[in-house]
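The values are calculated or read from the model by the stated rules, or taken from the named source; none is laboratory data. Predicted, not measured: the structure shown is a model, and the values here were computed from it. With ideal geometry, Cβ positions are generated from the backbone for all residues, glycine too; neighbour counts draw on all protein chains shown.
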Amino acid sequence: MRPRGVRMRRRCAARLLAPLLMLPLLAQAADRIRIEVDGVDRNIADNVRAYLTLSRYTQREDVTDAQVRRLADRAVDEAADALRPFGYYEAEVRSRTSRDEPNWVVRLKIRPGTPVRMRTVDVEIEGSGAGDSALRGVIASSPLKVGGRLVHPDYDNLKVDLLRVARNNGYLDARLTRRELVVDADNHQADARITLDTGGRYRFGELRIEQDVIKPELLEGFVRFDAGQTYSQQDLRSTQYALEDSSYFSEVNVEPGDRDPASLTVPVTISGERIRRNRYSVSLGYGTDTGARGRFAWDNRLVNRSGHRWRLETTLSQIRQELIGRYAIPIGDPSLEKLEFSAGYINEELGDLESERYETVASLTHALGEWQRVLFLKLNQETTTFPDRADSKVLLLIPGISYASLPPNFLTGWVRESAYYFELSGSPQTLGSDASYLRFYTRAERVWPIGGPWHLRTRGELGTSWINEFSELPASQRFFAGGDSSVRGFGYNELDGPDAEGGEHLLVGSLGLERDFPRQLRGTVFVDAGNVLNNWSDPLEYSIGIGVRLRLPMLMIGLDVAQALSEPGKRPRIHLNITQVL
């Protein structure tokens with residue numbers, strides 16, 4: 001193993017680190033009046049503070065002692081009113097005001113008293129949706145239950161959720177014919193009665209297409225509903241997302257027409273304007289793995305009305321230079337499926353090796369439920385440069401298959417919580433390749449919410465290859481580890497096997513605890529472990545570290561500081577990534 005440009009990168013990272021660390025240190029104005037609420041849980045206390053007139057004066061510089069005391073006296077009645085939505089109708093509130101020069105402290109001591117509890121929760125569904133499982137699920141999941149404490153927002157949310165779910169599921173005429181909440185404060189009891197009349201269930205009617213950008217049959221492939229199908233606002237939104245993501249339209253609208261109560265149908269009109277055919281994009285960035293990097297891309301987003309497109313992309317960094325051209329033909333579901341041909345030149349450093357290759361690829365992408373499958377065939381002519389022996393030049397024909405999980409926000413706008421990828425490829429000499437091998441690689445990442453602003457992030461990689469003579473394997477088909485997205489605390493591809501020429505197997509894992517902060521800031525502590533292996537019994541390297549992520553307009557900054565623990569004496573390593581977001 002030998003580092004490349006480590007000192008230069010550390011100096012550059014240090015110069016960038018100083019201003020970065022100042023970003024979260026944004027001073028906030030101190031409160032002149034501190035309001036303390038005792039005797040109730042945090043959610044109720046927060047509601048009390050928000051309800052108080054006093055809260056509007058906490059940062060005022062011109063308030064007097066007399067004003068603060070009058071507002072504190074007023075806060076007694078306001079706090080009692082703020083407790084009623086939570087079922088406390090007999091609360092006792094006392095206030096005490098003191099001076100903590102130069103500020104004031106107002107303490108509210110609350111005895112909430114006996115809460116009002118639900119005696120009756122009567123929810124009826126009438127109309128054609130009386131047996132609808134989604135509506136029944138809203139009732140079952142509502143926290144408004146017999147015997148439970150009355151919480152007014154729970155009652156309001158139940159009404160809103162019933163109407164929302166009904167209309168999202170085709171009951172467009174749904175309305176609440178009864179909504180009653182009767183509180184018997186003297187006996188600490190309440191009765192809730194709600195009746196929802198769903199009316200009839202609507203279905204999608206005629207689809208009208210008003211555009212001449214792409215062929216109608218291609219546009220219909222983006223549509224997420226059929227005529228006669230139950231009307232769903234989610235299906236309309238998914239269609240809108242799919243058409244916007246297609247990059248064929250500068251503006252596209254999916255609009256429901258007037259519903260027909262007689263036939264219980266809703267027509268839909270799709271209209272769109274042609275996007276500018278050519279798009280040019282330039283992005284710049286910096287990473288401790290890559291050094292300075294830049295990318296230029298030229299997209300022809302609409303070669304013809306059949307939706308063909310091509311892309312020319314060049315990427316330059318200290319460790320990788322590439323020029324790739326792609327031509328894509330939409331098939332099946334054009335949002336997710338395509339036939340693509342590409343050709344390119346790639347030159348990159350992999351550990352102590354250098355790979356220079358020319359690749360021609362044909363691939364077929366299909367959607368299978370929540371997965372995307374790619375069948376591919378590569379023709380790869382690669383020259384591997386070794387530090388201490390002659391270059392190796394091989395010609396490989398590489399068939400393969402990969403599966404990747406579709407991101408949930410692809411057509412729905414949901415947040416992505418997990419990503420999985422699997423690939424199996426090989427190169428048989430029976431088809432004319434200079435080497436014969438089989439290679440499997442998989443990676444997975446998942447973020448687990450664990451309460452409030454806290455998240456647990458897990459990440460892993462596993463790779464293995466089968467070949468008689470490892471020396472025949474070109475550099476791009478070997479495994480390497482270490483760097484910003486691998487085992488932090490080590491340089492990019494620094495973990496490259498005992499001979500510094502990569503390995504037959506790969507094993508990497510990471511566990512991080514993350515917390516969100518205001519101003520688009522996220523902090524993390526993590527443990528990484530992994531290595532490149534020639535035998536599964538080889539030892540793993542491991543490290544610990546802390547990091548921060550900051551999203552700015554058009555810029556994403558990531559900074560990690562990691563300490564390798566498996567190599568005594570190794571200094572902490574900074575991993576910095578600055579990426580332009582366009």
ask   = Within the stretch 115-136, which residues are without any contact (Cβ under 8 Å) to a residue 60 or more places away in the chain and either within 15 Å of residue 160 (Cβ to Cβ) or over 39 Å from the mean Cα position of the chain (by Cα) (or both)?
value = 134
ask   = Within the set of pairs 6 or more residues apart or between chains, which connect a residue that is within 15 Å of residue 443 (Cα to Cα) and of a type in the set (Gly, Ala, Ser) inside the stretch 399-419 to a residue that is modelled with pLDDT under 70 and surrounded by 14 or more Cβ atoms within 10 Å (Cβ to Cβ) with Cβ atoms less than 9 Å apart?
value = 418/408
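Return yes or no: is residue 375 surrounded by fewer than 17 Cβ atoms within 10 Å (Cβ to Cβ) and in a strand (DSSP E or B)? Don't jump to the end; show me each part of the working.
On the way: surrounded by fewer than 17 Cβ atoms within 10 Å (Cβ to Cβ): yes; in a strand (DSSP E or B): yes.
Judged against the criteria, residue 375 is a match.
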inquiry  = Is it the case, given these coordinates, that residue 552 is surrounded by fewer than 18 Cβ atoms within 10 Å (Cβ to Cβ), at pLDDT below 95 and out of contact with any Gly (no Cβ under 9 Å at 6 or more places or on another chain)?
reply    = yes
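Can you name every residue in the stretch 491-524 that is charged (D, E, K, R) and surrounded by 23 or more Cβ atoms within 10 Å (Cβ to Cβ)? Break it down into steps so the answer makes sense when it comes.
So the first thing to find is which residues in the stretch 491-524 are charged (D, E, K, R), and the list is 494, 496, 499, 501, 504, 514-516, 519, 522.
Answer for the stretch 491-524, where residues must be charged (D, E, K, R) and surrounded by 23 or more Cβ atoms within 10 Å (Cβ to Cβ): 494, 496, 501.
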Looking only at the stretch 525-549, and only at residues there that are within 17 Å of residue 484 (Cβ to Cβ) and among the aliphatic types (A, V, I, L, M), the one that is surrounded by the most Cβ atoms within 10 Å (Cβ to Cβ) = 532
request  = Pull up the stretch 493-523, narrow it to residues that are small (Gly, Ala, Ser) and part of a loop (DSSP other than H, G, I, E, B), then point me to the one that is farthest from residue 462 (Cα to Cα).
outcome  = 500
ask   = Considering only residues of the stretch 397-419 that are modelled with pLDDT under 80 and closer than 17 Å to residue 369 by Cα, which is surrounded by the fewest Cβ atoms within 10 Å (Cβ to Cβ)?
value = 414
Residue pairs meeting the criteria (Cβ under 6 Å; at least 6 apart or on separate chains; first buried (at least 21 other Cβ atoms within 10 Å of the Cβ), in the stretch 75-103; second among the aromatic types (Phe, Trp, Tyr)) = 82/51
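For the subset of the stretch 450-483 comprising residues that are assigned to a loop (DSSP other than H, G, I, E, B) and surrounded by 19 or more Cβ atoms within 10 Å (Cβ to Cβ), which member is nearest to the chain's Cα centre (by Cα)?
If we filter the stretch 450-483 for residues that are assigned to a loop (DSSP other than H, G, I, E, B), which is where we start, we get 450-453, 468-469, 473-474, 478, 480, 482-483.
Next, from what is left, pick out any that are surrounded by 19 or more Cβ atoms within 10 Å (Cβ to Cβ): 473-474, 478, 480, 482-483.
Numbers: 473: 36, 474: 35, 478: 30, 480: 27, 482: 24, 483: 22 Å.
Ranking the qualifying residues of the stretch 450-483, first place goes to 483.
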query = Can you tell me which residues in the stretch 55-69 are in a loop (DSSP other than H, G, I, E, B), over 14 Å from residue 101 (Cα atoms) and of a type in the set (D, E, K, R)?
reply = 60, 62
